[in-house]
1. If we only count strands (runs of 3 or more DSSP E) wholly inside segment 133-188, which ones have 3 or more residues that are without any contact (Cβ under 8 Å) to a residue 24 or more places away in the chain?
2. So, in segment 52-72, exactly how many residues are surrounded by fewer than 19 Cβ atoms within 10 Å (Cβ to Cβ) and modelled with pLDDT of 95 or more?
3. Does Thr218 fit the bill of being within 30 Å of Val80 (Cα to Cα), out of contact with any Leu (no Cβ under 7 Å at 6 or more places or on another chain) and among the β-branched types (Val, Ile, Thr)?
4. Hey, could you check segment 211-258 for residues that are hydrophobic (A, V, I, L, M, F, W, C) and surrounded by fewer than 10 Cβ atoms within 10 Å (Cβ to Cβ) and say which is farthest from Ala60 (Cα to Cα)?
5. Which number in (1) assigned to a loop (DSSP other than H, G, I, E, B); (2) surrounded by fewer than 21 Cβ atoms within 10 Å (Cβ to Cβ) marks the one condition that Ala76 misses?
6. Among the listed residues Val47, Val54, identify the single one that is over 15 Å from the mean Cα position of the chain (by Cα), of a type in the set (A, V, I, L, M) and part of a strand (DSSP E or B).
7. For segment 189-210, which residues satisfy the criterion of being in a loop (DSSP other than H, G, I, E, B) and surrounded by 12 or more Cβ atoms within 10 Å (Cβ to Cβ)?
8. For segment 110-169, which residues satisfy the criterion of being among the aromatic types (Phe, Trp, Tyr) and surrounded by fewer than 18 Cβ atoms within 10 Å (Cβ to Cβ)?
Amino acid sequence: MRIVVLMKPVPDPGEERLGADGRLDRSVSAVINGNDEYVLEAALQLVEAHGGEVTLLSMAPAGMTDPIRKALAMGAARAVLVTDPGLAGACAWSTAQVLAAALRTLEYDLVLAGADTSDGGGGVVGSAIATLLHHPYLSHARKIEPFEGGVRVERISAVGHDVLEAALPAVVAGTQLLGEPRYPSLRGIMGARSKEIATRTLAEIGLDDRPVGGAHATTTLLDTRAPAARGSTRVVRDLDPAAAAAAIVDFLVERRAL
């Protein structure tokens, strides 16, 4: 099974801060987007069980390769990085067009995407790519397994889960319930140094004359503000268990939480 995992390098959530323009400062350390790590783990388990290989596909600045190297160290075979100065500030629609165009240059059976990204939170790129490529789209997967000619997914629902099946090629958006990502082994880290990260420009994926990138963004950032400061805290300590429980209940009652 040939699987492409959409992987986005994002600012480290522990270091996130806003720049002077109100946008995320992307000069901080970059990491693999959290949900993308989970779908990568699912992809690696699928090829280990059924054969095949995993290719990473990213859209990011040229120098943002450390997260890609980590994903290669986890077990992906190769990576494709679409990078172009014109993509700075790209919106979700531009991103979907770019990744769909890049996918047209690859051979694959299945595309896996994280449910959303920590730096955007839109959760729409996977479905937009499926629409552009006319592929089935299966969302919020907690389990992914192949069957003859297709893929079967358990999709999280409000009352449990649904079981969906679709013919290949297909696009699946996964969640953290797919399973904890593995840590790269020393052997994997060493091997990742020689694995290919092929860079592609807009021209090389056939989009040099298309209105994509920050100059053609379909959404605009209007305002940003820091979250409200935390209120005072009350720490319950130096009480026996019964008294501590009573103090917590009283506190919740005061706040009308009970």
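1. 150-157, 160-167
2. Number of matching residues: 3.
3. Considered against the rule, which asks whether it is within 30 Å of Val80 (Cα to Cα), out of contact with any Leu (no Cβ under 7 Å at 6 or more places or on another chain) and among the β-branched types (Val, Ile, Thr), Thr218 comes out as yes.
4. The initial filter retains those residues of segment 211-258 that are hydrophobic (A, V, I, L, M, F, W, C), namely 212, 215, 217, 221-222, 226, 228-229, 235-236, 239, 242-249, 251-253, 257-258.
Filter once more, so that each one left must be surrounded by fewer than 10 Cβ atoms within 10 Å (Cβ to Cβ): 222, 226, 228-229, 235, 242, 257.
Details: Leu222: 23, Ala226: 26, Ala228: 32, Ala229: 33, Val235: 44, Ala242: 55, Ala257: 44 Å.
If we take residues in segment 211-258 being hydrophobic (A, V, I, L, M, F, W, C) and surrounded by fewer than 10 Cβ atoms within 10 Å (Cβ to Cβ), then Ala242 is farthest from Ala60 (Cα to Cα).
5. Tallying (1) assigned to a loop (DSSP other than H, G, I, E, B); (2) surrounded by fewer than 21 Cβ atoms within 10 Å (Cβ to Cβ), Ala76 fails exactly one: (2).
6. Values: Val47 fails: part of a strand (DSSP E or B).
The conditions single out Val54.
7. Selection gives Lys195, Thr201, Leu202, Gly206, Leu207, Asp208, Arg210.
8. Phe147
The values are calculated or read from the model by the stated rules, or taken from the named source; none is laboratory data. Computed from a prediction, not measured in an experiment: that's the story for all the values here. Methodologically, a virtual Cβ is constructed for each residue, glycine included, from the backbone with ideal geometry; neighbour enumeration extends over all protein chains shown.
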